[in-house]
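The values are calculated or read from the model by the stated rules, or taken from the named source; none is laboratory data. Note that the coordinates shown come from a computational prediction; the quantities given were computed from them, not determined experimentally. Note that we place each Cβ from the backbone using ideal geometry, even for glycine, and neighbour counts take in every protein chain shown. Side chains included, ligands, DNA and RNA excluded: accessible areas come from the protein's heavy atoms. Shrake-Rupley method; radii C 1.70, N 1.55, O 1.52, S 1.80 Å.
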Amino acid sequence: MDITSDKAKLYFKWGALLSAGMLCGIIMVVAAAYLYLAPLLPPVETYKNVQLETPLRIYTADNRLIDEIGNRRNPVVFEDIPRVLINALIATEDIRFYSHPGVDIQGLFRGFYGFLIGQNKGGGSTITMQLANNLSFDSDNVYLRKFKEIPFALQIQRELTKEEILTLYLNTIYFGAGADGIGAAAFVYYGKEVSELTLAESAMMVSLLPCPSRCNPLSDPDRAISRRETRLQNMRNENMITQEEFDAAKISLVTAQRRNRNIEVDAPYIAEMVRQRLYSEFGEDTYTQGFEVITSIDGDKQLAAKQALVNGLEEYYDKNHGFRGIDAHFAVNPIDPIASWLQQLQGVAKYGNQHPGIVAAVNDRSIRVLLKSGELVTVGWEGMRWARPYITQNNAWPPPENASDVVAIGDLIRVKQTGDNWSLGQIPDIQAALVSISPSSGEILALVGGYDFGRSQVNRVITPRPPGSNFKPFVYGAALEQGYAAASTINDAPITRGDYRPNNYDNVFLGPITLRFALQDSRNVPAVRLYDQLGSDSVLPFAAKFGFNVKNFPHNDLTVALGSQDVQPLEMVTAYSVIANGGYKIEPWFISHITNLSQENIYQAQPVLACEECAGDTLESDPKITVQKAPRIIDERVAFILNSMLRSVIEEGSGRGVQRALGREDLMGKTGTTNGPQELWFSGFNRDIATTVFVGFDQPRPLGESEQGATVAVPIWIDYMREALADMPENTMSRPDGLVDRLVEKTTGRLAKPGEPNTMFEYFRIENAPELPDNQIPGLVPGAEETEVSTETIF
């Protein structure tokens, strides 16, 4: 008797019974789950038809792409899907796809057995079950999700054909790079219709499915090639392709490129402002409904603004304060240093103009630098002699004598390209903002909220900071409105109010001077004295009319005259625009119109325009926009006199660099420098463009004792306005009626006689124009102080 044989038969019998029992149990569980969950499953109508998803696109006023935000989905039909793509998918994800009823019992057994023994034997999910998961159950844990997937997959299998399941799956799966579905992925990676995908490209697409962000050929080309080969091998094993086809596809070059974000104009800060505005109204639909936003941004001006700000921080400020050292140091790999360094460079981003590079060779007065691209560039002595070691903001010493004083082989540094030449650089630790608008309509023409959006998303255009003397024109404007004249005198002499004793930047007092001269020379004490005379109840309401949020400004605080209270650069440029346009309150805006996928206009800007008679007219820059007349907030004669006073700043004051650089007669403006100095400003304009520049650290600290608005903010403003005003004729506010001229002495404002030295014709409102009655002291202008004058000069 063969006892061993009998035992084997017995084990087989019990094993078969146990397997049958487990199979019956699984079937019963699946059936019970289906009966329980079936009423809860979504009806076929809710998922059969995949909707097109198109990202939010943001354009300049001249229709150049600024940004594209959100995922793209372009649904395809089964007939458009190449057979090689379907085969690659089935060979990899579900080889029994055509034979099972949506659930692969064999695969589930394998997955369950692996779970019991603690090994990964595959999850057992079919394409249909993956589709069920894609359409629902995202937040459940893995086993509960499987439990729910099964009845849903059975429902899908019952209601859809195999071809419909494949099509729906490929239309809804995420392929990375912002592409939902194979239609979008084919375009994003290859710029093709899905029907045009080759065998190698199809295998690459399928290789993305488990890890679309990490495994795609844009993020990791080497890994993507390896995964593509695995998919091709799967197809070869199933005789879906020949060996010759496998060999040819295996060696195909990777040609994937990201094609959906062809940014033409770099304006990420304005793009983020647009995104926030739309999200507040449309929520998540902002990113999928194909909204197209036309902004007010002028593409060329935006590019000029970005270049001016980035170059200005690098050249006008950062280099002047010394070299803060290398970013890191990498040891020299004795086998292949270049390959090792290239690997280190791949994770280092470029910011502004500053390319990352590793020093590959150091000569006496030049260095060779390896870039991320693999290119070796030379930095000559002229490009690195500036690199005095940083000690403090006021001290960088000593100057280098040779290249080895600055860097060593293996140092990670930054380099900048100018034309054909390369120079040593560094990422500025200072920040800036530039905003430029039309004084006529308020449309924002250019906006740069910082050095590099990728490094810091803080938008400094809408971040309040103290403006310093940039605020003074609104103190002087309040005086003009109260009846003062530009020739009225104010005493530049010490003033004390409690513990507060202001001083001038040069520690000198000049005695009685005109308001024009006080503003032109940015004298602090006259501004404080004038504010004291007018009172906060006059100045703050006047400033509020220009758009300043003065509700938090302290009353009876004389430092307000010197710009001690925080304001946004956007508020400042809007206020200066009122002066530029002759006294009309315009509102800044940046969205011209919004269309949906059907090209229907769902939003249209309706700005106000600074004009006498223009209600119902269209905007010159966009004839589709109808405008309304802006309200007048100050007398046009006050605005004109303020224009002329700010012109004096450019001709003879702290803005003289503007006149020297641009040589135009239509520019007005004012610098601003706060204590420390910690903030630098310049706001300037002609009748067509008003621009404000702010410079400062995000965490306020001194910039260096030699810095002022004229050293950094003004040069940035000049570089931008040189381009913005190119080929534009000069344009200033027209002289209004109701003004008369009087010849006055420039410094004191007294009436002068022809032939006297140091004189000018001053503007007066006709009702305030000085006369010479018999009983009046000759030359005294109404509004001048009749107080004892201190002529003492204090140093």
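Quick notes on this one:
- Computed lengthening from Asp327 to Glu45, 0.36 nm per intervening residue step minus Cα-Cα distance: 95.8 nm
- Extents of segment 677-718, taken as max minus min of Cα coordinates on every principal axis and listed largest first, are 35, 19, 11 Å.
- Compactness of segment 522-675, expressed as Rg and Dmax over alpha-carbon positions, Å: 18.7, 61
- Convex hull volume of the C-alpha atoms in segment 361-482, normalised per residue: 197 Å³.
- Pairwise label distance in nanometres, Thr418 with Ile335, each label 7 Å out on the Cα-Cβ vector: 4.2
- Rg/Rg_globular for segment 532-614, with Rg_globular taken as 2.2 N^0.38 Å and Rg from C-alpha atoms: 1.48
- Computed from the C-alpha gyration tensor, the three semi-axes of the ellipsoid equivalent to segment 192-311 are 41, 18, 13 Å, from longest to shortest.
- Descending semi-axes in Å of segment 185-237, equivalent ellipsoid built from Cα gyration tensor: 16, 15, 8
- Charge dipole of segment 585-694 (Cα centre as origin; +1 on each Lys and Arg Cβ, -1 on each Asp and Glu Cβ, all else neutral): 340 debye, rounded to the nearest 20.
- Along its first, second and third principal axes, ordered by size, segment 61-110 spans 60, 25, 16 Å in Cα coordinates.
- Taking only Cα atoms of segment 252-411, radius of gyration then Dmax in Å: 21.2, 61
- Taken along the Cα-to-beta-carbon direction at a fixed 7 Å, the label points for Ala349 and Glu164 span 4.6 nm.
- 0 to 90° range, to nearest 10: angle between helix 713-724 axis and the chain longest Cα axis: 70
- Computed over the alpha-carbon atoms, segment 470-516 gives an Rg to Rh ratio of 1.00, Rh here being the Kirkwood radius from the mean inverse distance.
- The calculated FRET efficiency for the pair Asp220 and Ser456, based on their C-beta separation and a Förster distance of 22 Å, comes to about 0.20.
- 13 Å reach of a label modelled at Glu284, 7 Å along Cα-to-Cβ, counting backbone N of segment 45-89: 71
- Of the solvent-accessible surface of the chain, computed with a 1.4 Å probe and all protein chains present, 50% belongs to carbon and sulfur.
- Centre-to-centre, using Cα atoms only, segment 640-670 and segment 202-277 are separated by 56 Å.
- Surface per residue (accessible, 1.4 Å probe) for the chain, Å²: 45
- Helix 142-159 and the longest principal axis of the C-alpha atoms of the chain enclose an angle of approximately 70°.
- Its Kirkwood hydrodynamic radius, worked out from the mean inverse distance over all distinct Cα pairs, puts segment 315-359 at 12.6 Å.
- Prolate/oblate/rounded label for the chain (Cα gyration tensor, a/c 1.5): prolate
- Segment 579-618: mean projected area of Cα convex hull, nm²: 3.6
- Dipole check for the chain: with +1 at the C-beta of Lys and Arg, -1 at the C-beta of Asp and Glu, and the Cα centre as origin, the magnitude is about 2400 Debye.
- Anisotropy class assigned to segment 638-680 is oblate, per the alpha carbon gyration tensor with a/c at or over the 1.5 cut-off and a/b no larger than b/c.
- Highest-first packing order for the peptide set 353-363, 748-758 is 353-363, 748-758, based on the mean count of other beta carbon atoms within 10 Å.
- Segment 447-520 and segment 704-731: distance between their alpha carbon centers, rounded to Å: 19
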